[in-house]
Amino acid sequence: MVFGGNRRRLTLVLAGLVTVAVVAVGAVVVGRTVSGDRAAPAAGSTTTPVSPSTQPSPSPSTPPPGADITGPLNLLLVGVDTRVSVPGWEPHADAVLILHVPAGLSRAYLFALPRDLVVDVPAFKPASYSGGRTKLTNVMSYGSRVPERPKQPDPAQGYDLLRRVVSDYTGLRIDAGAVLTFGGFDRLVDSLGGVDIHVDQRVVSRHRRPDGKHREPGPGVGGYTGPQMVYEPGDQHLNGWQALDFARQRYLPGGAYTRQRHQQQLIHALVVKMLDDNLARQPERVEQVVGALGDMLVYVGGRRIVEFAYALGGLSPEALTLVGLPGAAVGQGNSYRGEELTRTSRDFLSELRAGRVDAFLAKNPKLKLPA
């Protein structure tokens, strides 16, 4: 699928799959690098932006690009729900994840915001959007609208609005990010030889048969018929379509929050795979991965993805902490409006900005998710 927009296309040296947290939400997207202005730090933010790179190509006397990045960093990963069969379908943010890396780059924290989180959205002139209060999933859709091309939404433009909203809500400056669709994720995982993941509960697929084929549409809204793929608890090795299918399921105990947890666990599995292979610091190997993906990634940032990749390539798998932020439904009576984060979740964001996240997690161990 090719999205509209006038931004220039570039071939990415994707050593940065580790950076943009390997955007493994279950997606992969249109291969364009987009340079854009980033949001100003929100009140209370202590995060320092990275400066643009002016380094030449590496030489025996020149540090590798990215060696000067010391953090802190905040990387935004957006998994987009797109329907290529529907003309003009606007992308919705099906998953919104943030990778926070404190100064020193020796550890990292990955957490997700609920897709139905109720947020304030500013006016956004490129999409002729007047602003309002809506679910986080809709922000990408509203921001991607191109008035002169109503049937050609621009996900990079939608990301720009979403980034602003996420930055305002969390108080974190977003240094770089990526937008991904479900389209080529299976090729990403397969290019790495699959991933190993601990399945923490029985997951029955609504979308796939045991042989990997899609189930046939059935009666009812969103219904399907035919045999179903089942992921049993325990250590599992998943190929591309299995990893994508596992991360998509949300009709489970815990609903969307369970899916967020599984997406984070999958990202962790991909990071472990890439760090074990030292992929982040092997540009040639990364180019092979990019070749397998084809034209399927949107990267947005002030520095090249290979620089972030090198900077984060020294992380150990144990240094990546998965954090689950609980929320609660909001509305009036029986009218469901969306989700809001609990007080504990909001306190996590405050302590993260203040650099006290380790002490906070020690007092709130239930926020830490198993890998």
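The values are calculated or read from the model by the stated rules, or taken from the named source; none is laboratory data. Because the structure is predicted, anything quoted here is derived from the model rather than measured. Here Cβ is always computed from backbone atoms with ideal geometry, including for glycine, and neighbour counts include all displayed protein chains.
For residue 317, the conditions (1) surrounded by fewer than 18 Cβ atoms within 10 Å (Cβ to Cβ); (2) more than 25 Å from residue 68 (Cβ to Cβ); (3) touching a helix residue (DSSP H, G or I) at 6+ places or on another chain (Cβ under 6 Å); (4) of a type outside the set (D, E, K, R) all hold with the exception of (2).
Just need a number here: residues in region 150-163 that are out of contact with any Lys or Arg (no Cβ under 9 Å at 6 or more places or on another chain) and either crowded, with 24+ Cβ neighbours inside 10 Å or under 16 Å from residue 136 (Cα atoms) (or both). Summing the residues that are out of contact with any Lys or Arg (no Cβ under 9 Å at 6 or more places or on another chain) and either crowded, with 24+ Cβ neighbours inside 10 Å or under 16 Å from residue 136 (Cα atoms) (or both) in region 150-163 gives 5. Among the residues of region 70-123, which ones are of a type in the set (D, E, K, R), in contact with a helix residue (DSSP H, G or I) (Cβ under 9 Å, 6 or more places away or on another chain) and either in a loop (DSSP other than H, G, I, E, B) or at pLDDT 90 or above (or both)? Residues satisfying the conditions are 90, 107, 115, 116, 120.
Having 1 or more residues that are within 29 Å of residue 368 (Cβ to Cβ) and at pLDDT below 90 is the bar; report the strands (runs of 3 or more DSSP E) wholly within region 161-273 that clear it.
Working: elements: 176-181, 195-199, 234-238.
Those strands (runs of 3 or more DSSP E) span 176-181, 195-199.
Taking residues in region 238-264 that are closer than 17 Å to residue 93 by Cβ, and partners anywhere that are surrounded by fewer than 19 Cβ atoms within 10 Å (Cβ to Cβ) and of a type in the set (Lys, Arg), the pairs with Cβ atoms closer than 6 Å and at least 6 places apart or on different chains are 256/250; 259/250.
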